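Here is the structure we will look at.
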Amino acid sequence: MLGRTNSVTWRGGLLKVAALAMAMAASASVAQAAPELQGAWRIDKPTVSLKPVQGEIPFTAKGRALYAANRAARAKGDFSYDLTQRRCSSPGPSRLMLTADRFRIMRLPTQVTLQFEWNRLYRHVDMRGGKLDEPLIGPMMGLSTGRWDGDVLVITTQYISELTLLDALIPHSDALKLTERLKLVDADTLEDRITVEDPATFTRPWDASITYRREAEGGFREDVCLDRLEAGQRPLPVQ
Amino acid sequence: MNRSGSLLLTAAAVAAVGAASPAAAHHSFAMYDMSRTESASGTIKEFRWGAPHSAVIVTILAADGKPRDLALLSGSPLAFSKQGFNPKSIKVGDKIQLSWHPNWNGSFGGVAASMKFRDGAVYTESEIAPGVPGAGGPPSGGPPSGGPPPGGPPPGGRPGGAGRPAD
Amino acid sequence: MTAMDRTLNSNMIARICGAVAAAILAASGAAAQPRPLPPLPADAPPPPPGHSLEGIWIAGGRLVPQIPKGDDGLSVPFNAEGQRILDARLAAMKSGAPFANASAACRPPGPPWQMDLNFPFEIHEVADRIEFIFEEYHGAQTIFLDPAKVPPESRYSGRSIGHWEGDTLVVDTSGFRQSIWLDVNGTPASADAKLTQRIRKINDGGWRLQVVYTLDDPKYYTRPWSWTRIYLWRPDQQTFLEYNCEEQAGDPNYIAQSGLALEPK
């Protein structure tokens, strides 16, 4: 193998030369914007459910059937629909925003990072203003881009693996798109207003809202979900 | 149905999943007996996508006629894409003809060698093609295919192949 | 700005494959080089000024599967027990049933493994802490600059206390929850080990993070010893690939089916 090259042959136009053009204008706006979002946050009213701000979740027939099946399975303690509860697999972005543990918001010039105490997960939000290309397989966390709308951090997430749920029960297809608006209600209160769009699962977009309280933070614990799972605990609260 | 339907190779084939397995960066095929190949027909139970390697769980009928779940190392989404597959089109329940190289220590597992789907499309693990150092030989002392795996194949990903870029 | 950084370009392939290729070839004694990252774009921003370590870094160069010697040029000073453990690990690999370790089990492998494999990591300096986030194992390490805030419990990653000496961050880590592998071959460190990292930015034809590791571990070594690693400044690697090893490791059958062996205590 000495001398064997690491050449990769590509068919068609697969290989693109990575000529990164950093949008320094975009990064400049990040550098100035709303530093107060930074810090540690904890959900105000712990819940496992993403609730619409008004009315009921507008399921399609297919969405409703899948949701009902998940609900029925959960009632029997059957979590075959829930890879997080079975294996500690990543819960995906919206379910993680419901965490009962803390998360912190940190930023670098062209990226916002939401880091979660739960199982040391994180979300990367690309602030460079580029277009998202569809991956061959979407990751559990999806791919997120963000921008500032005044003091509001707007995060768009797509390509979220169908192996995740929106919360403890709500299914989604790979067409799911989440748009989040994160803003300070006051100095110590953060709201995440989430718009859920998925024509395969819902008849129209719908909004949920999650409120967090700021916490003075002295570091997260080292949470290892697999250890809890092996000790016979559920990775996440069930209800 | 043509598995290579969508023109993945003209669209940007984006990688977003990385190592589904720990230690993906330091493995080899040292865990596998490349000199033996077993075959069976089976049903895909689960695909755990990752790069450079995924894992596939296939329910096959064991020698005693009872179904058993076989966990195998397999290729990344890009590896499948390069062979004309759309990874998303591979579904739980797909029936396949499977061949694999089993674990050296005899435990029920190994690395997939080929998967033939109902429509005739075949996926071949390119990193263990004949001629790849380590393919077909026992891992006796410093196998050429053997990087010292740091404690083994991390879940879902065992990098492997001497010098071959996984994808 | 396009999202070309997200395409599976030679950059990502290099990163994913590089360590693989390097490990494989290194084991056979070849002078392995990982598939190189493309050059950092000329207009990439530099690191922040002063001693701030904030930003994205990645191990450059080939993956070294086993620390070959100390910075003093001498052999790694194993005692009999340390040598025995490493030898057993090497023998297990050669036998075709390598030992499972934290890495294989999707548990935090601790420093320096987290930094050394060719996966990017990011550093944030937040109040009286420094936070590391690693792509590999979605790892996290908190360096406490206020010793009063260090938690009491042991951690897979140990407990890290840091202080600045001029432009160098000196991190002392102890309180490991279990013994750790310092490299992929299994150079050992006991749970009682004390690991010091002296971390600073240097510019050596490009911005680098230099880390001098010193291990003080009388259980396995006859004296403290040091080795140095260099990491590259790569802001273009900001979007990490997802490392969802739990999807595999959470399957209770995983280790049994993996072909790995359990290391005797």
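We did not get these values from a lab; they are worked out from the coordinates using the rules stated. For clarity, every value in this text was computed on a predicted model and none was experimentally measured. Cβ coordinates were reconstructed from backbone atoms using ideal geometry, including for glycine residues, and neighbour counts include every protein chain displayed.
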- prompt: What length, rounded to one decimal in nm, is gained on full extension from residue C:91 through to residue C:230, with 0.36 nm per residue of separation minus their alpha-carbon distance?
  reply: 47.1 nm
query: Semi-axes of the equivalent ellipsoid of segment C:67-189: what are they in whole Å, largest first, if each equals the square root of 5 times a C-alpha gyration tensor eigenvalue?
result: 28, 17, 14
- request: Sort out for me the Cα centre separation of segment A:48-78 from segment C:115-138, rounded to whole Å.
  value: 37
query: Where in segment C:155-185 is the amide nitrogen less than 18 Å from a point lying 7 Å along the Cα-to-Cβ axis of residue C:202?
result: C:165-171
Bins of 5 Å from zero: percent of alpha-carbon pairs in segment C:3-241: 1, 6, 13, 18, 20, 18, 13, 7, 3, 1, 0
Two-decimal Rg to Rh for segment A:88-172 - Kirkwood Rh, Cα set: 0.96
task: Please list, or write none, the aspartates and glutamates whose alpha carbon is within less than 20 Å of the alpha carbon of residue A:76, excluding same-chain residues fewer than 8 places away.
output: A:167
- line: Relative contact order in percent for segment C:3-241 (Cα pairs under 8 Å, 6+ apart) equals 21
Over 19 Å between alpha carbons, listed pairs A:45/A:177; A:131/B:88; A:62/B:95; C:194/C:219; B:45/B:95; B:45/B:82: A:45/A:177; A:131/B:88; A:62/B:95; B:45/B:82
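Kirkwood Rh over Cα pairs of segment C:177-247 into Stokes-Einstein at 10 °C, 1.306 mPa s: D in µm²/s?
The Stokes-Einstein estimate is 108 µm²/s.
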- request: Can you tell me the equivalent ellipsoid semi-axes for segment C:140-213? Use √(5λ) from the Cα gyration tensor, largest first, whole Å.
  value: 23, 18, 8
field: Neighbour net charge for residue B:113 - beta-carbon separation under 12 angstrom, K R +1, D E -1
entry: -2
Stokes-Einstein D in µm²/s, Kirkwood radius over Cα pairs - chain A at 20 °C with 1.002 mPa s viscosity: 110
query: Once you list every other residue whose beta carbon is under 10 Å from the beta carbon of residue A:117, what net charge do they have if Lys and Arg are +1 and Asp and Glu are -1?
result: +1
message: With the alpha-carbon atoms as the only input, what is the per residue convex hull volume for segment B:60-133 in Å³?
response: 114
message: Using only the alpha carbons of segment B:39-78, what is the convex hull's orientation-averaged projected area in square nanometres?
response: 2.8
message: Net charge within 9 Å of residue C:125 by Cβ-Cβ distance, Lys/Arg positive one each and Asp/Glu negative one each, not counting residue C:125 itself?
response: -1
- prompt: What FRET efficiency do you get for residue B:36 and residue C:44 if R0 is 60 Å and r is their Cβ-Cβ distance, rounded to the nearest 0.05?
  reply: 0.75
query: By a straight-distance test (C-alpha under 15 Å), which aspartates and glutamates pair with residue C:94 as possible cross-link partners, with residues fewer than eight away in the same chain excluded?
result: B:33, C:263
